[in-house]
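**Q** Can you keep this structure in mind? I'll have questions shortly.
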Amino acid sequence: MRTAEYPRPSQVIAHLSDTHLRDPADPLVRGVVDPRPNLVAALAAAAAHAPQGIVLTGDLSDDGTISSYVELRKTVESAAERMSARVIWVNGNHDDRAAFSEVLLGVGTREPLHQVHRLGGLRVLCLDTTVPGRDEGQVTEESLGWLADQLADPAPEGTVLAMHHSPLPVVQDLAASWELHGQQELGGVLAGSDVRAILSGHFHQSGFGTLAGVPVLAATSLCYTQDLSTGRGLRGQAGGQGWHLVQVYPHTVTSTVAPLGHHPTVVAARSAADSAAELARRDIRIPPAPGSDG
C-alpha cells in the first residue's frame, strides 16, 4: 500500500472576506449588487469541508450600521453552529469599530480591535490595521508592540495572523492609495516568529506572496471583484466572487480559491465515500489528521 504524501489537515478554515453587507432596508452596494446571497452560498459550500474555524477578514459591513452587523452575525453564526465551527471576525476600513465591536465582539469600543483565538493548538491573532475614516491601512507602533508580546510565546501548532489590509504589492496603480503602510516594520516583527500564514482581504481579488518569508494568503471578495482585464486600471465587477479554503498541515498551510456558482459537469461527481473506495482499490491510504482519532 502506498501512503499519500500528506495526512488530512489538522485544521480547516473557511476564509471569507469583504462581505460588505448593508442595512437590510438598503441592501445594494453602489446600487448594483446584493452581497447577502453570496455570503449564504459561500457558507453552504464551506460546510462541505467541515471547517473548525470561519475567519472573516474585514469590510464585513459596507455602511457600518448596527443592522448590517446584526444580519451578518445571524447569518454566519447560524451556519457556524451547524458546522460546529468557531467564528473569527476581523474589521476592515468600511467597518465602524463601535458598531462592529458592540454586535460582533460584545464590547463596544473605538479602540483598535486586536484579538487572540485558538483553534486547537493553532493560534489565530487578529491585527486591526484600520485607520478610522480612511481606506488605507496602518500598522502602528502600539499594534506592533501588541503583536510582539503575543508572539513571544509560540503556540503548539503555530500562529495564523488575520488582518484586513493585505501586505502585498498592488496590482492596480490606484490601489496604492489604499495600501497598508508599515509593511517593513510588520515584517520585522514576524521574522523568526511562529507565524505560518497571513490571512487578509481588502483588494477584492485573490493574491499570494510573502512578507518576511511568511505566506500572505489574500482572499477575494464576496461582494464584487476586480476586473483584471483592465491591466493596471481599475473596474469593480459584479462577478467572480468566492471564498478561500485554508488547510493547515504540520509543515505547510494551503489556500485554495473557491469560486461561487454551479457550472456544467465535465468530470462526473464523486462523493467522499466513492473516493475512499477508489483509493482503497488503488491501494492508497491517506493518514488521518495529526492528533485525531481516525
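**Q** Pick out which of ALA218, ALA25, ALA197 has the largest mean-square fluctuation in a Gaussian network model of the chain, springs linking Cα atoms closer than 10 Å.
**A** With Cα springs under 10 Å in the chain, the top fluctuation among ALA218, ALA25, ALA197 is at ALA25.
**Q** Using a Gaussian network model of the chain with C-alpha springs under 10 Å, which one of HIS204, HIS15, HIS181 is most mobile by mean-square fluctuation?
**A** Checking each option, the largest mean-square fluctuation is seen for HIS181.
**Q** Report the residues of the range 210-246 in range of a label on VAL267: point 7 Å along Cα→C-beta, backbone N strictly under 19 Å from it.
**A** 245
**Q** Here's another thing I want to ask about it. Roughly what would the spin-label model give for ASP153 and ALA277, points 7 Å off Cα along C-beta, in nm?
**A** About 5.0 nm separates the two model spin labels.
**Q** Take the Cα atoms of the range 231-294, find their three principal axes, and give me the spread along each one in whole Å, biggest first.
**A** Principal extents (Cα only, largest first): 50, 32, 19 Å.
**Q** SER78 versus LEU234, label points 7 Å from Cα toward the beta carbon: distance in nm?
**A** It is 3.6 nm.
**Q** Arrange the following residues from fewest to most other Cβ atoms within 10 Å of their Cβ: THR130, THR19.
**A** The most exposed by this proxy come first: THR130, THR19.
**Q** Using +1 on the beta carbon of Lys and Arg, -1 on that of Asp and Glu, and nothing else charged, what's the dipole of the range 9-285 about the Cα centre, debye to 20? Could you put the intermediate results ahead of the total?
**A** Working: 19 positive and 30 negative charges, 204 e Å.
Charge dipole of the range 9-285: 980 debye, to the nearest 20.
**Q** Filter the trypsin sites (Lys or Arg not before Pro) in the range 33-83 down to the DSSP loop ones having no more than 15 other Cβ atoms within 10 Å, then list what survives.
**A** none
**Q** For a quick check: sort LEU199, LEU113 by the number of other beta carbons within 10 angstrom, fewest at the front.
**A** Ordered from fewest to most neighbouring Cβ atoms within 10 Å, LEU199, LEU113 come out as LEU113, LEU199.
**Q** Rank these for me by crowding, TRP146, TRP178, TRP89, going from fewest to most other beta carbons within 10 Å.
**A** TRP178, TRP146, TRP89
**Q** Once you have the Cα-Cα distance between ALA25 and HIS114, take 0.36 nm times their residue separation minus that, and quote the gain in nm to one decimal. The partial results should precede the final answer.
**A** On the way: separation 89, 0.36 × 89 = 32.04 nm, distance 3.07 nm.
Extra length from ALA25 to HIS114 when fully extended: 29.0 nm.
**Q** With the chain treated as a Gaussian network of Cα nodes joined by springs under 10 Å, which of GLY58, GLY240, GLY31 yields the largest mean-square fluctuation?
**A** Looking only at GLY58, GLY240, GLY31, the largest GNM fluctuation is found for GLY31.
**Q** To continue, here is another question. Using the Kirkwood formula on the Cα atoms of the range 62-135, what hydrodynamic radius do you get, in angstrom to one decimal? Can you show the working numbers first?
**A** Numbers: mean 1/r = 0.0761 Å⁻¹.
By the Kirkwood definition, the hydrodynamic radius is 13.1 Å.
**Q** While we're looking at this one, here's another question. Counting C-alpha atoms alone, how compact is the range 9-285: give Rg to one decimal and Dmax as a whole number, in angstrom.
**A** 18.5, 59
**Q** So, one more: From the convex hull of the Cα coordinates of the range 169-214, what is the mean projected area in square nanometres? All intermediate terms of the calculation are to be shown ahead of the outcome.
**A** Values: hull surface 13.6 nm².
The directionally averaged projection comes out at 3.4 nm².
**Q** Follow-up. Find the relative contact order for the range 153-294 and round it to a whole percent, using C-alpha pairs within less than 8 Å whose residues are 6+ positions apart.
**A** After rounding, I find 17 percent.
**Q** Work out, step by step, the length gained on full extension between ASP173 and ALA98: first 0.36 nm times the residue separation, then minus their alpha carbon distance; give nm to one decimal.
**A** 23.8 nm
Since every read-out is calculated from the coordinates, none of them should be taken as a lab result. What you see is a predicted model, and the numbers here were worked out from it, not measured in a lab. As a convention, Cβ positions derive from the backbone with ideal geometry for all residues, glycine included, and neighbour counts pool all protein chains shown.
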